[in-house]
Every structure is written in structure tokens, then in C-alpha cells.
Amino acid sequence: AQSVTQPDIHITVSEGASLELRCNYSYGATPYLFWYVQSPGQGLQLLLKYFSGDTLVQGIKGFEAEFKRSQSSFNLRKPSVHWSDAAEYFCAVGIMNRDDKIIFGKGTRLHILP
Amino acid sequence: GAGVSQSPSNKVTEKGKDVELRCDPISGHTALYWYRQSLGQGLEFLIYFQGNSAPDKSGLPSDRFSAERTGGSVSTLTIQRTQQEDSAVYLCASSFGGTYQETQYFGPGTRLLVL
């Protein structure tokens, strides 16, 4: 069965430090991958998505993610985090079948230290 | 243009009562999704509408849950005889099309608490 795993439930980094949030997926074919962010009191917002082509994808708010087929991973990165990046981040995989479902991971909550 | 809106934003109910949650998608979006977000459980897919029809109802947790969509727009998620385990944030999303490639735009959610 298809699945998405975000191994880290919570991550804490200092403001200005670099960030990497991990995401691993289980899917037989080339997946369609997404990262969404949920800021406090707000709905989920798409950060970036990967369908094909260049495996390094640029998103909004200075985020990027790299698709690594050999590792079944789609990790999210940012070189220097800001206090406003404190939020919950969800990785998701789009399933290509008749149901066209998107499966979300359980999320990683990012805390920023001043 | 307005985003996806949901009402009510918060709902407290007693066990055994029925509740209705409403979602207004972005105008022109044909696809509409309902998810449930419980603490530590991520987003659980409930149901998906393409227009007024629901090709995928596989995520509904029990027959106490039902949803409908009228006029290809507003959707209502109904939970009958609520249980305490139904307490969660219910999120609605819409997309222009209905494929896995589409960006989903989420509403702010309805926080349901069943006492």
C-alpha cells in the first residue's frame, strides 16, 4: 500500500540555522510529491510540488526539496529559517489510479528558537 | 477572490447529537475534498467530490458519516450520533480539476469537540 512517512514529529532549530525535514514514500511508480505548510490558525498552503524533470524543486518562502528516487525521499530544505517558519509541515504523495487520491504524512512540527 | 471557507469554525456538541459542517470551495473549482486532522495523526482522507458526485467515499470512517455536494459548489459533511473519537479538525479543500496533480487549496477547518 502507498504510504508517506515523516520520521520527525517535532524539530527545533535556531533562527538563521539551516533546516531539513525528511519525507519518505512508498509507491510503485514515479510519484507526484507535495509539501504543504500549516501555520497556526491558518489552512494548509502548498509550498512546492514535484511531478517530473529537475529533481531539485524550488518553492515559495525560500524552500526547496529534492527528489531522490534511490532513497524514495523528498526532503524539504531551507538554508536559513525565520521565526515565521514555525508551523507544521506535511509531505504528500499523489496516487495515480482511478481514485486520484493524495496521501498525506503525519506532519512535522517545526519550532524556531530565537 | 475568496478562498475556501468553512463554517462553523468551532463546534462543541454532546455525544449522540448530529452535526453538520459546511464547506464553500473556491468558485470554479470542480473538485472538493474532506479530510480529518486528529492530534498526531496527520490528515486522514474522508471523501472526494468531482462535481456533485463522489467517486471515492473510501475514507469515511463509518456509516455515521455522510457528505453531499449540491450545485457543484457547497458541500456539507454530516456526522450522526457523534462520538468522542469524532473530535478533530475537519478540513475542506478544493482544486480546479480532480487529479492528483492539482494543487489543493485548503480552508481554515472546523474544530469539532464532542463532549
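Read the figures in this text as sums done on the coordinates, not as results from a lab. Note that the structure is a prediction, hence the values are computed from the model and not measured. Cβ atoms come from the backbone with ideal geometry, glycine included; neighbour counts cover every protein chain shown.
Of note:
- Test: B:Thr76 is touching a Cys at 6+ places or on another chain (Cβ under 8 Å) and farther than 28 Å from A:Ser52 by Cα: yes
- Of all the numbered requirements in (1) in a loop (DSSP other than H, G, I, E, B); (2) surrounded by 14 or more Cβ atoms within 10 Å (Cβ to Cβ); (3) touching a residue at least 24 places away in the same chain (Cβ under 8 Å); (4) within 13 Å of chain A (Cβ to nearest Cβ), B:Gly97 misses one, and that requirement is (2).
- Residue match in segment B:52-68 (condition: in contact (Cβ under 8 Å) with a residue 60 or more places away in the chain, within 11 Å of the chain's Cα centre (by Cα) and closer than 29 Å to A:Ile9 by Cβ): no
- Test: residue in segment A:23-31 that is over 10 Å from the mean Cα position of the chain (by Cα), under 20 Å from A:Gly62 (Cβ atoms) and crowded, with 19+ Cβ neighbours inside 10 Å: no
- Annotation note: of A:Val13, A:Val57, A:Val81, A:Val93, the sole residue that is closer than 18 Å to B:Gln41 by Cβ and either free of Cβ contacts under 8 Å to residues at least 24 places away in the same chain or buried (at least 16 other Cβ atoms within 10 Å of the Cβ) (or both) is A:Val93.
- Condition check for A:Asp8: buried (at least 17 other Cβ atoms within 10 Å of the Cβ) and not small (Gly, Ala, Ser): no
- Filtered by the rule that a residue be surrounded by fewer than 19 Cβ atoms within 10 Å (Cβ to Cβ) and in contact (Cβ under 8 Å) with a residue 40 or more places away in the chain, segment B:69-86 gives B:Gly72, B:Ser73, B:Val74, B:Thr76, B:Thr78, B:Gln80, B:Arg81, B:Gln83, B:Gln84.
- Segment B:28-68 - residue that is closer than 21 Å to B:Ser7 by Cβ, buried (at least 19 other Cβ atoms within 10 Å of the Cβ) and not hydrophobic (A, V, I, L, M, F, W, C) and, of those, farthest from the other protein chains (Cβ to nearest Cβ): B:His29
Yes/no matrix, rows are residues, columns are (1) of a type in the set (S, T, N, Q); (2) within 14 Å of chain B (Cβ to nearest Cβ):
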{"position": "A:Lys49", "(1), (2)": "no, yes"}
{"position": "A:Thr55", "(1), (2)": "yes, no"}
{"position": "A:Gly59", "(1), (2)": "no, yes"}
{"position": "A:Glu64", "(1), (2)": "no, no"}
{"position": "A:Phe67", "(1), (2)": "no, no"}
{"position": "A:Phe74", "(1), (2)": "no, no"}
{"position": "A:Ser80", "(1), (2)": "yes, no"}
{"position": "A:Tyr89", "(1), (2)": "no, yes"}
{"position": "A:Phe104", "(1), (2)": "no, yes"}
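- Test: B:Thr103 is of a type outside the set (Asp, Glu) and within 30 Å of A:Ser52 (Cβ to Cβ): yes
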